[in-house]
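Working notes, structure below.
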Amino acid sequence: MPRFLISFAVCAVLWLLWSGLFKPLMLAFGLASCLLAAWINSRMQIVDSRERPLLIFLRMIPYIPWLVWQVVKSNIDVAKRIWQKEMPISPTIMTVPASQKTALGLVIHANSITMTPGTLAIDVEPGEIEVHALAAETLEDLQDGEMDRRVSRLEKR
């Protein structure tokens, strides 16, 4: 029950902050959607007893600006590749290491890869993520492990 309440509270606070809607009907819809999301989260057992979602959420505060910067840099790289006459792309699939210990950590890592333009996580297994990249050079950043280390810091005890 505490995880359900924490999940609901985080969802409700974020909904209120991001929506800015305080009319009764909108508040009712927001309440219903937050309850539904918290219920689905608890039924799917996404967060087990070893994971602390509130701590991970707080640790994401420095991670998010770093990820946004990676998205901006990748966006520029993809735009340059598309606009060049010879279009220097070399689609590649490669497995990158993932040192996360929890399912939530693996999901955050895979989603971070997918959010970065030019890369797509296509398979996730404990210890590795299979990634499709627009160009082989873009995989070098993933293989150096910086994103892996930063995501692993989110879940550290």
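Some observations on this one:
- Among the residues examined, Thr116 qualifies as surrounded by 15 or more Cβ atoms within 10 Å (Cβ to Cβ), touching a Ser or Thr at 6+ places or on another chain (Cβ under 8 Å) and either in the same structural domain as Ser7 (by TED's automatic domain parsing) or among the polar types (S, T, N, Q) (or both).
- Residues being of a type outside the set (Lys, Arg) and assigned to a loop (DSSP other than H, G, I, E, B) - total across region 117-157: 8
- Against the list (1) assigned to a loop (DSSP other than H, G, I, E, B); (2) hydrophobic (A, V, I, L, M, F, W, C); (3) closer than 21 Å to Thr114 by Cβ, the condition Ile76 fails is (1).
- Residue count for region 1-26, restricted to those that are part of a helix (DSSP H, G or I) and either touching a Pro at 6+ places or on another chain (Cβ under 7 Å) or under 23 Å from Phe57 (Cβ atoms) (or both): 18.
- Residue pairs whose Cβ atoms lie under 9 Å apart, sitting 6 or more positions apart in sequence or on different chains, and linking a residue in region 140-154 that is without any contact (Cβ under 8 Å) to a residue 40 or more places away in the chain to a partner that is aromatic (Phe, Trp, Tyr) and surrounded by 12 or more Cβ atoms within 10 Å (Cβ to Cβ), are Glu146/Trp66.
- Close pairs (7 angstrom Cβ cut-off, 6 or more residues apart or separate chains): in a strand (DSSP E or B) in region 81-108, of a type in the set (S, T, N, Q) anywhere: Val96/Gln143
- Of the residues Ala121, Ala135, the single one that is buried (at least 19 other Cβ atoms within 10 Å of the Cβ) and either over 22 Å from Ile61 (Cβ atoms) or not basic (Lys, Arg) (or both) is Ala121.
- Matching residues in region 109-119 - criterion: being of a type outside the set (Ser, Thr, Tyr) and free of Cβ contacts under 8 Å to residues at least 12 places away in the same chain: Asn111
The values are calculated or read from the model by the stated rules, or taken from the named source; none is laboratory data. As the structure is a prediction and not an experimental result, all values here were calculated from the model. A quick note on method: Cβ atoms are made from the backbone with ideal geometry, for glycine too, and the neighbour counts reach across all protein chains shown.
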